[in-house]
1. With (1) open to solvent by 40 Å² or more (accessible area, probe 1.4 Å); (2) in a strand (DSSP E or B); (3) in contact (Cβ under 8 Å) with a residue 24 or more places away in the chain as the list, and S167 as the residue in question, which single condition is left unmet?
2. Restricting to segment 53-95, and then to whatever is of a type in the set (S, T, N, Q) and more than 24 Å from the chain's Cα centre (by Cα), can you tell me which residue is most open to solvent (accessible area, probe 1.4 Å)?
3. Does D125 qualify as being in a loop (DSSP other than H, G, I, E, B), of a type in the set (D, E) and in contact (Cβ under 8 Å) with a residue 24 or more places away in the chain?
4. If you go through segment 139-156 one residue at a time, do you hit one that is in a loop (DSSP other than H, G, I, E, B), closer than 20 Å to E216 by Cβ and of a type in the set (F, W, Y)?
5. For segment 176-218, which residues satisfy the criterion of being part of a strand (DSSP E or B), without any contact (Cβ under 8 Å) to a residue 40 or more places away in the chain and among the small types (G, A, S)?
6. Within the set of pairs 6+ apart or on separate chains, which have a first residue in segment 91-109 that is at positive phi, a second that is among the polar types (S, T, N, Q) and in a loop (DSSP other than H, G, I, E, B), and C-beta atoms under 8 Å apart?
7. Considering every residue within segment 105-112, establish whether at least one is among the β-branched types (V, I, T), surrounded by fewer than 17 Cβ atoms within 10 Å (Cβ to Cβ) and under 29 Å from A88 (Cβ atoms).
8. Before we move on, is K102 among the charged types (D, E, K, R) and either at pLDDT below 95 or touching an Asp or Glu at 6+ places or on another chain (Cβ under 6 Å) (or both)?
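The values are calculated or read from the model by the stated rules, or taken from the named source; none is laboratory data. Every value quoted in this text rests on a predicted model; they were computed, and no experiment measured them. So basically every Cβ, Gly included, is an ideal-geometry build from the backbone, and we count neighbours across all protein chains shown. Heavy atoms of the whole protein, side chains included, go into the accessibility calculation; ligands, DNA and RNA do not. Shrake-Rupley method; radii C 1.70, N 1.55, O 1.52, S 1.80 Å.
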Amino acid sequence: MRVLLSTLISFALLISCIHSGTQNVKLNDQMEKIPRSNDLKNTDHDTMKPFDPPNCIFINPDTSVSGIVLRNAESVIKLLGHQTQLEAGSNHSYFSADRKQKLVLTVYPADYPNQISVMNVSHSDNTQQEFRQLNIPVFKTEKGIQLGMSRKEIVEKLGFCYLAKDSTKNTIDLAYRIELPNDSNTKFLERNNMPIYYAIYSLVDDKLKNIEIGFENP
């Protein structure tokens, strides 16, 4: 009798352990399906498919900096003077009035003189360089974007149709893009005879450090 009772107790304990183990496995499976708080990403913009029509089409581009308009030679002459001759296949750098900011204008090899296809704005890293100073305190885009702005301020002006590219924990690039056929309404690319427009706003510690807008070289 004692042997039988001992066997029954042992069997009951074994069943209990198996059942308990099964419950733990199921519970753990359920917990794995719930993302931890530090795994959750900012779902307001980063999880979007930014250039996938019809979900998100960017149609509000920056096309000028301090009066210089992309692909518009007249705007270059108006700001820089009638003697200006920015040759094809060249880069040209200018300081702001206080020499703390730098504007670089790029003319592609196939462009006409003074026809700017890319503009870049950054903080000047070497004020000893002999670049021409322009009578402009701060370089701004036509949308009012300037160095030092936050990500939130940029998105408020340009919208959510961007691709966020993280380089490090404190560095991020906001990349906006227009390519055919997504300009079918505005005809922006067709008017400029270019295949792709892009704009990259680079931030460090949520402060805008670099702006580059323009067209990819066809």
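1. (3)
2. Top of the filtered list is Q83.
3. no
4. no
5. Listed by number, the list holds a single entry, S202.
6. R99/S124; R99/T127
7. Within segment 105-112, not a single residue is among the β-branched types (V, I, T), surrounded by fewer than 17 Cβ atoms within 10 Å (Cβ to Cβ) and under 29 Å from A88 (Cβ atoms).
8. The answer is no for K102.
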